[in-house]
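Participant: Before I ask anything, let me first share the structure, which is written out below as structure tokens.
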Number of protein chains: 2
Amino acid sequence: MITVYGFSPSGNCHKVRLALEQLEREYRWVEVRSDDGSTRTPEFLAKNPNGKVPIIELDDGRILAESNAILWWLAEGTTLLPDDAWQRAQALGWMFFEQYSHEPCIAVARFICGWTPLDSPRRAELPVLREKGRAALAVMERHLQANDWFTGPSYGIADIALFAYTHVAGHGGIGLAEFPAIVGWLQRVTETPGFTPMAAPDAFAARRIAQST
Amino acid sequence: MITVYGFSPSGNCHKVRLALEQLEREYRWVEVRSDDGSTRTPEFLAKNPNGKVPIIELDDGRILAESNAILWWLAEGTTLLPDDAWQRAQALGWMFFEQYSHEPCIAVARFICGWTPLDSPRRAELPVLREKGRAALAVMERHLQANDWFTGPSYGIADIALFAYTHVAGHGGIGLAEFPAIVGWLQRVTETPGFTPMAAPDAFAARRIAQST
């Protein structure tokens, strides 16, 4: 049995849940908030010295961190990851794009809007984050004008990785109206077998998001 | 034949050169500076819409972006990547750690010190980048107190990925004196077969680094 430590409204954490659901794997979910210091306790740091969720733990105590590495490990040998070496490398390229050029803008803008006070000095970062987020979306849009998926010829873990925060980009004030190919792809993702929606932000975060965007 | 488009003093680009050298692969290197707009020309954006080096191009025109995805593709089936699925996932976890928690602090601090004017407003970012960079190094130090390498039981691509900017952390004003296990690991990396040092910053960047740290 796999134990996931994760914060349900986090896109990085939801990646792991979505893959497990779509692969019909059994798992146990332990909720660990990433906005209240729970990932910085001595107990959690003993599991992941980098102090981040998600992580997975196996029954023998072995731990794997980093959402996209977890996706890769879960997907090996399944339909969520192609066999062809070049396609696998392209999928991995999109997953590194997600963590370097996409998540630090789109997810962070969402976090600031929903999970920091309305007078937080971090809100000064929003204009730049939104501009960089739109640039990342433009790269995705261009790919989707010629391709249906990011994982090769069919849906897979690079799509899961990019779906996580793209579908809630609006929470950070980044609209998708100018990206029609992305909107079509998001719809296709929701129609894949076993698709499971991400937990909505709680009422407090939802109110902040509404006041921020 | 593989063509690499890269900027020689960039750690992300050097990763690809080091792996190719250690794997004794033939390649052609096309120098593309990342500090003068060369990665933003229409010609380059046609190759990588994300406007970043390194990329590799095959003889048939296929292109792969993202340094760590390139490392993975080059290393498949070689001694630089283990066969065991769990060890491979751990290596990948360290490579995502590198791109998310390490490079955006340690490499960016170095870039600001060496490749922006001495009065650049970006220099205000340095204290936070250095603090976060030291936190990333502390995570590596803890791992190296119990392990020789980041790629499983032997040297491989996660070590190449983390070596790239760790060994020049000082260029960004982040000293390694408090991380003895890292210093030992850096030395072991330089002793691996086929090790090739990274190009030094040019004289202009080197002078700025000396004035910044």
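Taken together, the values in this text are just the output of simple stated rules run on the coordinates, not laboratory data. Please read these numbers as outputs of a predicted model, since none were measured by experiment. Cβ atoms come from the backbone with ideal geometry, glycine included; neighbour counts cover every protein chain shown.
Participant: Take the Cα atoms of the protein assembly as shown, find their three principal axes, and give me the spread along each one in whole Å, biggest first.
Facilitator: Over the protein assembly as shown, Cα extents along the principal axes are 55, 48, 47 Å.
Participant: Turning to a different aspect of this structure: Count the lysine pairs in the protein assembly as shown that are 8 or more places apart or on different chains: how many have C-alpha atoms under 16 angstrom apart?
Facilitator: Values: A:LYS15/A:LYS52; A:LYS52/B:LYS132; A:LYS132/B:LYS52; B:LYS15/B:LYS52.
Within the protein assembly as shown, the lysine pair count is 4.
Participant: Could you work out how far apart the two model spin labels at B:THR190 and B:ALA177 are, taking each label as a point 7 Å from the Cα in the direction of the beta carbon, and quote it in nm?
Facilitator: Simple spin-label model gives 1.9 nm for this pair.
Participant: Averaged across A:15-26, how many Cβ atoms of other chains sit within 10 Å of each residue's Cβ atom?
Facilitator: Across the residues of A:15-26, the mean count of other-chain Cβ atoms within 10 Å is 0.
Participant: Quick query: amide H of B:TRP29 versus all other amide H atoms, modeled in the peptide plane; which residues come in under 5 Å with a sequence gap of 5 or more or a different chain?
Facilitator: B:VAL4
Participant: Calculate the spin-label point distance for A:TRP29 paired with B:ALA199, positioning each point 7 Å from the Cα along the beta-carbon direction, and give it in nanometres.
Facilitator: Using points 7 Å along Cα→Cβ, the separation is 4.9 nm.
Participant: Mind checking the mean number of beta-carbon atoms from other chains within 10 Å of the Cβ atoms in B:47-59?
Facilitator: Working: counts 0, 2, 7, 11, 3, 3, 0, 0, 1, 1, 0, 1, 0.
If you average over the peptide's residues, the count of other-chain Cβ atoms is 2.
Participant: Based on a Kirkwood Rh over C-alpha pairs, give the Stokes-Einstein translational diffusion coefficient of chain A at 4 °C and viscosity 1.567 mPa s in µm²/s. Could you put the intermediate results ahead of the total?
Facilitator: On the way: Rh = 17.7 Å.
The estimated diffusion coefficient comes to 73 µm²/s.
Participant: Just tell me the longest site-free run in chain A, where the sites are trypsin sites (Lys or Arg not before Pro) in a DSSP loop having at most 16 other beta-carbon atoms within 10 Å.
Facilitator: A:63-213
Participant: Sticking with this one: Find, among the GluC sites (Glu not before Pro) in the range A:11-75, those assigned to loop by DSSP (not H, G, I, E, B) with at most 10 other beta-carbon atoms within 10 angstrom.
Facilitator: Hits after loop and neighbour filter: A:GLU24, A:GLU26.
Participant: Report, in cubic angstrom per residue, the convex hull volume of the C-alpha atoms of the range A:2-75. Mind dumping the intermediate values first?
Facilitator: Values: hull volume 5.8 nm³, N = 74.
Given the Cα convex hull of the range A:2-75, per-residue volume reads 78 Å³.
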